[in-house]
Structure formats: C-alpha cells, structure tokens
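Shown next, in structure tokens, is the structure this report addresses.
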Amino acid sequence: MPTKTDVLEKIESEGVDFLRLQFTDILGTVKNVSVPAHQAEKAFEEGIYFDGSSIEGFVRIQESDMRLDPDPDTFAVLPWRSRRGDDTVSARLICNIIDTSTGEPFVGDPRHVLQRAIDRAAEMGFELNAGPEPEFFVFEKDENGRATTETHDAGGYFDLAPKDLAQEIRAEVIYTLEAMGFEVEASHHEVARGQHEIDFKYADALTTADNIATFRSVVRAIAELHDVHATFMPKPISGINGSGMHTHLSLFEDGENAFHDDGDEFSLSDTAYDFLGGILEHAPALTAICNPTVNSYKRLVPGYEAPIYVAWSDVNRSALVRKPAARVPAASRIELRSPDPSSNPYLALATMLHAGLDGIEKGQSAPDPVRENIYEFTEADREARGIETLPSTLGQAVTALQQDDVILDALGPHVSEKFTQAKTQEYTEFLASVSQWELDRYLETF
C-alpha cells in the first residue's frame, strides 16, 4: 500500500499543482477542499481543518471544527483536467474525518461507519468483497446549459453506434477510470434510451465505496466536457426503466470464498445462506439506505426489472436477491438488486454487511428460492410463500429503518438520527408539493 512518502514523491514527479481532499456527507454528496500541492506534507502530518457545521448532517455550529486526514492509498491524478485547455494538474485524496474535540474518528463520517462494519466482520473472521453495477442516464442540455430529459441517444440494450451515440463518452470514462487505477470489466448501453452501465472489478468494501464515489464524479465530469449531463437519479423519465446499482456480495475467510460449497445445489455454503437470510430479514430497513430519495420509489415498481419482493432466486430477476452463475469457487456470490446509484455507497455497504453478519450470528438461513416470476403471482400466492414487499415510499422505508435496531446500530446514533431527520423532512416536503401530473389530471377537471 502506498505511504505518505510515496504520495509526496508522486506529487512531485507528476507536477501536481492542487490537491482535492475529498470526503462524503451523510446523504452521499461528494465534497472536497482544494489546497495547493505544497501543502501536501502538512495535510498528512497535521490534517486540514474545515467547518463541519456547513456539511449536511455533520455537526452544530458550536462544535464545527473538523479535520481531514488523507488516506494515501486513494491518491490519483485527475486525468480530465487537460481537456479544458488548462495546464493545471490536480490530484485527489479521499480523507477520513477526525473530530478535533476528541482526536478520534468522527462518528458522522460515512467512511468511518463503513470501517466499523468492516472491523466487525474482521472480528468474525470475514472480509467483504463487493462489485457494483451502477447505471446512469446521459441527457442533452438546453440553450441555457441546464439539464433536460431529452436523451443523448435512442439506443437500447447492448446497441452499437450509430444508435448508441454515447459510446465515445463511455470510452472516455473508461480511459479516465483506468488512468485512476480502476479495472473496468464491461460497459454497454442499458435497456432505456440514454441509459448506460459501466462495471468495474469487485474489491474490498472500503475500496468499492471509494470507487463508487469516484465513478460518479468521473462520469459527470466527462459528460460536462461533452456538453451533456449525466445523472444518477434513479428514475428521471416515467414509463421506462430506472437506474439501479445491483451489488454483488461475498465474504472471504482466510483468503477463501466463504460463500462457496461444491456440494450444494447452488454452490452456496451455510455461511452464504445465513448472510442471505440476514439481508432478506433486514430488507425493509436497508431500503431506506439503499434507495434514499423520493424518486427511488418510482423505480421500485413492477414491470421495469426492479425488484420489489423480498425473496431470492437463481434464475429470475424479479426477486430482491439473485444467485449469479459462477464458473470458479472464488466467484460464488449473491447479487442484491434493489440499491440505486443515489445511495451513499459507504452507508449502503455498511448496512448490507451488518445485515448479513446478523444473519450469520443468528443462523438465519435463507428460505427456499423462488424460481417463478413473482410479478405474475397473486397476492394469495405471495402470502402462501411468505413473500413480503419492499416499502413502496420513502416514508415507509424510514419507518422500517427506525424499527430495525440492527441497521440503526450499523449507522450509529449520530448518522441514524441525522439521516432519518433529513429523509423525514424530504418526504414531508414531497407530500406537500403539487406535481405536474396532478395539474394535468385535475386542474381542468374540477
């Protein structure tokens, strides 16, 4: 792993002018403090101080001093700067946040929340690997430079140019990610027009969360260079598929995949079934974290390949969790299909991990898989099989979160309080708002 000295030498050899010290607020928005590169050593030795009261969900004004401590393992030069006709070279370092009043990691730092979950897994002998599949839309801008919902192309699933006009954008995103150390495995046009997916290789949980945050920043930056707008909003257009972030999960123990069992019908071990059972048990509360916006629930409806039923399967995609095919033991995993890319990746992975570990601790083995299309079941069919439905609104999801001690404990008191406050306010504002749909439906009728 790179050290402080390695990073300082890289800054010198790459001619870096500015460092972006990056962190994420509770809602998942990436923030950064920019400092001249000659402040790099000070940043590593003393940290860089900032006003935490200005950041969503952090602290009150009377307790505002926070410190950024850069993680040398996250250093990367930002390759796209040269496209602006600017000779300035910038680099990124992801930071941990320190509470200056105690000198300890700040309990409201989402990265710290994930680190606590990782530490809990390590105490049980496990390491989580995760592989996300984030989807996004590319839209045209209007004459004032504002984003529209006019898609950049009319392509469909796996289409090629000329229908897939964003092929060049995806290629540039991939080159940029690879220059920043990503191993990109695949990219393609998604089902909906204007919708795309780029998959990068699985990694340990902390690296994966860092990668998701970086990925979103890179996609939007490259889109801006092409004078279009990329969005990770879950459902920007009604009537077509929304954007998900299917997340592949597996636990490793002593370097071996703890989810694999050659003797099982689905090649899953007892550990995997218990982890899966924990995911299903805590699915309603997980939904508040993995689908954290009002708009998220416009995606979680039948008919658009998004799961709404709490079940698992090896053959169909209507279930919440899928068991993908695996050609080698190390690839045995489960795929949680509900998360969307508006979620805070640190909180999402932390709560997934806690839910699965709770299943292992309680021996919460998963029920039998459902191989039929659950969308075609009647309500009686679902009741007979004990298949529950995910929350259908953000308000329901927040209520489920408030009733789940395991997921609340995963977040910690500070984050759980600030998150539920923010999301309750968001949902209350939504309920009081008047939509265009209502105006179109009722204004001239009544």
In the stretch 97-125, what count of residues is obtained for those that are more than 18 Å from the chain's Cα centre (by Cα), open to solvent by 20 Å² or more (accessible area, probe 1.4 Å) and either of a type in the set (S, T, N, Q) or within 21 Å of Asp409 (Cα to Cα) (or both)?
-> 13
Scanning the stretch 217-251 residue by residue, the ones that are of a type outside the set (Val, Ile, Thr) and open to solvent by less than 30 Å² (accessible area, probe 1.4 Å) total 17
For the stretch 325-340, how many residues meet the condition of being over 19 Å from Glu256 (Cβ atoms) and at pLDDT below 90?
-> 1
Note: among Val16, Val59, Val33, just one is part of a loop (DSSP other than H, G, I, E, B), β-branched (Val, Ile, Thr) and at pLDDT below 90, namely Val59
(1) under 29 Å from the mean Cα position of the chain (by Cα); (2) open to solvent by 50 Å² or more (accessible area, probe 1.4 Å); (3) not β-branched (Val, Ile, Thr): which one isn't true of Phe50, the others all being true?
-> (2)
Name the residues in the stretch 283-313 that are open to solvent by 10 Å² or more (accessible area, probe 1.4 Å) and either without any contact (Cβ under 8 Å) to a residue 60 or more places away in the chain or assigned to a loop (DSSP other than H, G, I, E, B) (or both), would you?
-> Thr293, Val294, Asn295, Leu300, Val301, Pro302, Gly303, Tyr304, Glu305, Ile308
Quick one: which helices (runs of 4 or more DSSP H) sit completely within the stretch 332-418 and have at least 2 residues that are touching a strand residue (DSSP E or B) at 6+ places or on another chain (Cβ under 7 Å) and buried (at least 22 other Cβ atoms within 10 Å of the Cβ)?
-> 345-362
Just one of the numbered conditions (1) within 26 Å of Glu379 (Cα to Cα); (2) outside any helix (DSSP H, G or I); (3) more than 16 Å from the chain's Cα centre (by Cα) is not true of Ala325; which one?
-> (1)
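The values are calculated or read from the model by the stated rules, or taken from the named source; none is laboratory data. For clarity, every value in this text was computed on a predicted model and none was experimentally measured. Every residue, glycine as well, gets a Cβ built from its backbone with ideal geometry; the counts of neighbours run over all protein chains shown. These accessible areas exclude ligands, DNA and RNA; they are computed on the full protein's heavy atoms, side chains included. Shrake-Rupley method; radii C 1.70, N 1.55, O 1.52, S 1.80 Å.
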